[in-house]
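The values are calculated or read from the model by the stated rules, or taken from the named source; none is laboratory data. A quick note: this is a predicted structure, and the numbers were derived from the prediction, not measured. Here Cβ is always computed from backbone atoms with ideal geometry, including for glycine, and neighbour counts include all displayed protein chains. Remember, those area values only see protein heavy atoms, side chains included, never the ligands or the DNA or RNA. Shrake-Rupley method; radii C 1.70, N 1.55, O 1.52, S 1.80 Å.
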Amino acid sequence: MLDSLKAALAEKVSTSPTDLETHGKDEAYPVRSLPQAVVYAEGLEDVIRTLAWARENGSAVIPFGTGTSLEGHVLPQGVAVSLDLSRMNRVLEVRPEDFVAVVEPGVTREQLNAALKGTGLFFPVDPGANASLGGMAATNASGTTTVRYGGMRHNVLALQVVLASGEVLELGRAVRKTSAGYDLKDLFIGSEGTLGVITRLTLRLHPLPSHVHTLRVFFEGLEAAADAAYAIMASGLPAARLELLDELGLGAINRYLQRDYPEKPALFVEFHSSTREALEAESRMALELVREAGAIAVDAARTSEERTAQWEARHQLYWALVAQYPGRSFMITDTAVPISRMPELVRHSQRLLREMGLGGSIVGHVGDGNFHTLVATGEHDYPKAEAFAARLVEKALELGGTCTGEHGVGLRKKKYLAREHGAALEWMRQLKRLFDPQGLLNPGKVV
């Protein structure tokens, strides 16, 4: 089989142990499973040729970006090749007058924003990792700025995708709105490579904010911080970022990055405004709200360097915890609930951790009602962490929420979809069979 693949794609096919190992794991799923080979696609024709080979040989194909996913999205579940799109990394077009950029799927979010310097625009979706934009669309990624700018689904205007059949589809239009027909574009956003391979994206850009104010607000307890987050959202203040960190996370950050933050539960808050007067009024109101909620200390990041350092700390939390617990793996939850129920779910998570004797750091995009619990586990207590995650999902669904706010389904969350979606799950399976009748695209995932 691999001889014919190499004949079709020559040096773009690798079977080196290092490449196979890199493409047989992600950042957090505890299992490793290697593909037979890695294809480094450099253009649309390489993707088409790979899928033609897969149809002839009955081999699965797993689209791969940077490998920063967390739920087992890229692990083979049988005979499979990994289709690495990282070499398709050109920014094809920037149209500042239309607030649009066109990119290949291997372009990372940091690479795109570097290319936008001097335009006065930026791409806001910020999941922390320097993920590829194709992978971010495939998982409907979001992050710290979603509360203001939305996630990938809100910021992808059009896609080019290749189906398992080799047919190339152009989905969506480079306009802010359209009512022309079924919205097939959004069907592929969040499909995790199970319906087609994304080969080009047209993205929505946003003006860089003229005025930015960033706060760190500390509380005696996590419940007070969660309540304050809800108060900010309920006030209608235009928060651009609203992140919750607990005392365990702040302590790990201090040690990892040599910071001196108070080791208390905190909200990291940022406002983007068009005028200085608006920013000052919004900041005053935010201070009143958090003090009413019990804030014990408030720090402001006054320069762009201080703001960068603050958000670097938030994004480095996972690696700070890895350094604090060497040799341990992490169960990372990803529940989201209606914003009014978020404080209740945070309290439930804290209580569960105590009841089950687990150590975990709570962090999240609480302005979206989405938070994560990072539970450090060893080989023998991983099943207990899995049980904790299952109980947390049950509570989230009971509160009208979801099993995954932004990480996607992959392998880990499949077992919850029937309860979350009911009869709609079978329609999802029918769509999978329609687009991929041979079951070649990332089989075993999502549905």
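Taking a straight Cα-Cα cut-off under 29 Å and skipping sequence neighbours fewer than 8 places away in the same chain, the lysines within cross-link reach of K384 are K25, K264, K395, K413, K414, K415, K445.
The heavy atoms of W319 offer some 110 square angstrom of accessible surface to a 1.4 angstrom probe. Under conditions of 20 °C and 1.002 mPa s, region 307-430 yields 140 µm² s⁻¹ as its translational diffusion coefficient, taking Rh as the Kirkwood radius over Cα pairs in the Stokes-Einstein equation. Computed about the Cα centre, the dipole magnitude for region 158-218 is approximately 380 debye when only Lys and Arg (+1) and Asp and Glu (-1) carry charge, each at its Cβ. Identify the residues of region 120-137 with backbone N under 17 Å of a label point that sits 7 angstrom from the Cα of S210 along the Cα-to-Cβ direction, or state none. Those under the cut-off are 120-122.
Considering only G359, C403, P437, the residue lying farthest towards the positive end of the dipole of region 316-447 is P437, judged by Cα position with unit charges set on Cβ.
Computed from Cα positions, the angle between helix 342-356 and the longest principal axis of the chain comes to roughly 80 degrees. A dipole drawn for region 282-333 from +1 and -1 charges on Cβ atoms has a positive end, and of S329, T303, S283 the residue lying farthest that way is S329.
Protein-only accessible surface at a 1.4 angstrom probe places the residues Y382, Y325 in the order Y325, Y382, largest first. Look at the dipole of the chain built from charges on Cβ: of V212, G120, A389, the Cα furthest out on the positive end belongs to A389. The dipole here belongs to the chain: it is taken about the Cα centre, uses +1 on the Cβ of Lys and Arg and -1 on the Cβ of Asp and Glu, and is about 520 debye.
For A52 and E220, a Förster radius of 60 Å and the Cβ-Cβ distance give a FRET efficiency of 0.45, rounded to the nearest 0.05. Considering only Cα atoms, the convex hull volume of region 170-242 works out to 194 Å³ per residue.
Within the listed set G106, G359, G422, the residue fluctuating most in the Gaussian network model of the chain (springs between alpha-carbon atoms under 10 angstrom) is G422.
Run lengths n ≥ 4 of DSSP H only: what is the helix-derived mean residue ellipticity at 222 nm for the chain, with -39500 (n - 2.57) per run over all residues, to the nearest 500? Estimated from H runs of four or more residues: -10500 deg cm²/dmol. Per-peptide packing, taken as the mean over residues of other Cβ atoms within 10 Å, places 305-317, 32-44 in the sequence 32-44, 305-317 from highest down.
The length gained by stretching the chain between R176 and A114 to full extension, at 0.36 nm per residue less their Cα-Cα distance, is 19.9 nm. Only protein atoms count toward the accessible area here, which uses a 1.4 Å probe; on the chain, the carbon and sulfur part of that area reaches 50 percent. Extents of region 54-128, taken as max minus min of Cα coordinates on every principal axis and listed largest first, are 47, 28, 17 Å.
Jot down the per residue volume, in cubic angstrom and as a whole number, of the convex hull over the alpha-carbon atoms of region 10-155.
Per residue, the Cα convex hull of region 10-155 comes to 122 Å³.
The heavy atoms of H211 present about 40 square angstrom of accessible area, all protein chains included, probe 1.4 Å. Relative to the dominant Cα principal axis of the chain, helix 382-398 is inclined by about 80°.
Ordered by solvent-accessible area of protein heavy atoms (1.4 Å probe), largest first, the residues T333, T68 come out as T68, T333.
Relative contact order for region 370-447: what percent, with Cα pairs under 8 Å and sequence separation of 6 or more?
Details: 33 pairs, mean separation 20.4, N = 78.
Reported as a whole number, the value is 26 percent.
With respect to the chain, whose longest principal axis is taken over its alpha-carbon atoms, helix 222-235 is tilted by about 80°.
Once R0 is set to 30 Å, what does the formula 1/(1 + (r/R0)^6) return for the Cβ-Cβ distance between N130 and M428, expressed as a FRET efficiency to the nearest 0.05?
0.50
Note on L287 and A300: their simple-model spin labels are 0.6 nm apart, each label 7 Å out from Cα toward Cβ. For the chain, the per residue solvent-accessible surface stands at 41 Å², with DNA, RNA and ligands left out and a 1.4 Å probe. Once you reduce region 244-264 and region 184-240 to the center of their Cα atoms, the two points are 22 Å from each other.
Using only side-chain charges placed at the Cβ, +1 for Lys and Arg and -1 for Asp and Glu, the dipole size of region 109-194 relative to its Cα centre rounds to 380 debye. Here region 360-447 is treated as a Stokes sphere of Kirkwood radius computed over C-alpha pairs; at 4 °C and 1.567 mPa s its diffusion coefficient rounds to 87 µm²/s. Cα centroids of region 334-358 and region 1-79: 37 Å apart.
E93 contributes about 80 Å² of solvent-accessible surface, heavy atoms of the protein only, 1.4 Å probe. Among E426, E97, the sequence by solvent-accessible area, most first, with a 1.4 Å probe is E97, E426.
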